[in-house]
1. Can LEU103 be described as modelled with pLDDT of 85 or more, under 30 Å from ILE72 (Cα atoms) and part of a helix (DSSP H, G or I)?
2. Do we have any residue at all in segment 117-126 that's in contact with an Asp or Glu (Cβ under 9 Å, 6 or more places away or on another chain), part of a helix (DSSP H, G or I) and of a type in the set (Asp, Glu)?
3. Hey, can you tell me all the residues within segment 1-60 that are under 18 Å from ASN95 (Cβ atoms) and among the β-branched types (Val, Ile, Thr)?
4. Quick check on my filter: what residues within segment 142-155 are assigned to a helix (DSSP H, G or I) and either more than 18 Å from ILE55 (Cβ to Cβ) or among the aromatic types (Phe, Trp, Tyr) (or both)?
5. Could you tell me how many of the residues in segment 40-56 are of a type in the set (Lys, Arg) and surrounded by fewer than 20 Cβ atoms within 10 Å (Cβ to Cβ)?
6. Would you point out the residue of segment 57-80, among those that are hydroxyl-bearing (Ser, Thr, Tyr) and either more than 12 Å from the chain's Cα centre (by Cα) or within 18 Å of ALA145 (Cα to Cα) (or both), that is surrounded by the most Cβ atoms within 10 Å (Cβ to Cβ)?
7. What is the residue count in segment 81-123 for residues that are within 34 Å of the chain's Cα centre (by Cα) and closer than 17 Å to LEU63 by Cβ?
8. Out of VAL144, VAL128, VAL101, I need the residue that is of a type outside the set (Phe, Trp, Tyr) and crowded, with 16+ Cβ neighbours inside 10 Å. Which one?
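The values are calculated or read from the model by the stated rules, or taken from the named source; none is laboratory data. Bear in mind the structure is a predicted one, so any value in this text is a computation, not a measurement. Here the Cβ positions follow ideal geometry from the backbone for every residue, glycine too, while neighbour counts run over all protein chains shown.
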Amino acid sequence: MTMTPRLRKLALTAHVTSSVGWFGAVAGFLALAVIGLTSRDAQTVRAVYLAAEPITRFVIVPLVFASLLTGIVSSLGTTWGLFRHYWVLGKLLLNLLATIVLLLYAPTVDSVKGLAAQPGTDLGELRVPTFVLHAILALLVLLVATALSVYKPRGMTRYGQRRQHKQRTALAPQQRRPPPGLDRANQPEPGQTVVDHAPSFLKTMPHPRREDPGVQALAPHPRPWRPTPYRRGPSPSARPGPESLP
């Protein structure tokens, strides 16, 4: 099913907006993770890990699902399809992989928040290097997906090649049909001669030899009417003068 241009632009706008928001949320999460890993202030470290959990739950997770759903809708509603081209399939797999890893890692973020909420927790237990690692990997995945969307590398899957072959096979009989002016319905009758260059009232002329046998002697070889081309005479300067006459 192909969407209308307005729906296609709306779906594309939603997909781009959610993807850009996802990228910005992950970049902010990376900044918090670096601060929590390098800061020496206990209150700052606790505040960082307390803020990491709501950012993950209420910002990153909704944007991930919005990007995934809008990307699927945009692919299915356009001629690109979802499984026809390798770059679209690659984006889908990257998005699914990032979504699964995020859902699996969300409980870890929640547990770190619980540790940060306890006043007597040591800073060594709060510092989580995996926050930085996951954020960097997520940014790399988003950069690769963005590059695939911009460059759109060539290459079709087997499913896409079969669909393209079916479409070309279905359109082949229509392309081999003669133009409307050359079909059998518009061909002249056996007793008529069609003149292409004549006016509309002279386009169909009766054949003299078949309409009236007495006209055969007068016009044994009838010719279609054609307009006489206009010929300009010689210019006044090229006309012979009195002195050039004999």
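1. On the way: modelled with pLDDT of 85 or more: yes; under 30 Å from ILE72 (Cα atoms): yes; part of a helix (DSSP H, G or I): yes.
So LEU103 passes the test.
2. no
3. If we filter segment 1-60 for residues that are under 18 Å from ASN95 (Cβ atoms), which is where we start, we get 11-27, 29, 56, 59-60.
Listed by number, the residues that qualify are THR13, VAL16, THR17, VAL20, VAL26, THR56, VAL59, ILE60.
4. At the first step, the residues of segment 142-155 found to be assigned to a helix (DSSP H, G or I) are 142-151.
Result: LEU143, VAL144, ALA145, THR146, ALA147, LEU148, SER149, VAL150, TYR151.
5. Qualifying residue count, segment 40-56: 1.
6. At the first step, the residues of segment 57-80 found to be hydroxyl-bearing (Ser, Thr, Tyr) are 67, 70, 74-75, 78-79.
From what's left, either more than 12 Å from the chain's Cα centre (by Cα) or within 18 Å of ALA145 (Cα to Cα) (or both): 67, 70, 74-75.
Working: SER67: 26, THR70: 20, SER74: 23, SER75: 21.
Checked segment 57-80; the qualifying residue surrounded by the most Cβ atoms within 10 Å (Cβ to Cβ) is SER67.
7. Within segment 81-123, residues that are within 34 Å of the chain's Cα centre (by Cα) and closer than 17 Å to LEU63 by Cβ number 12.
8. VAL128
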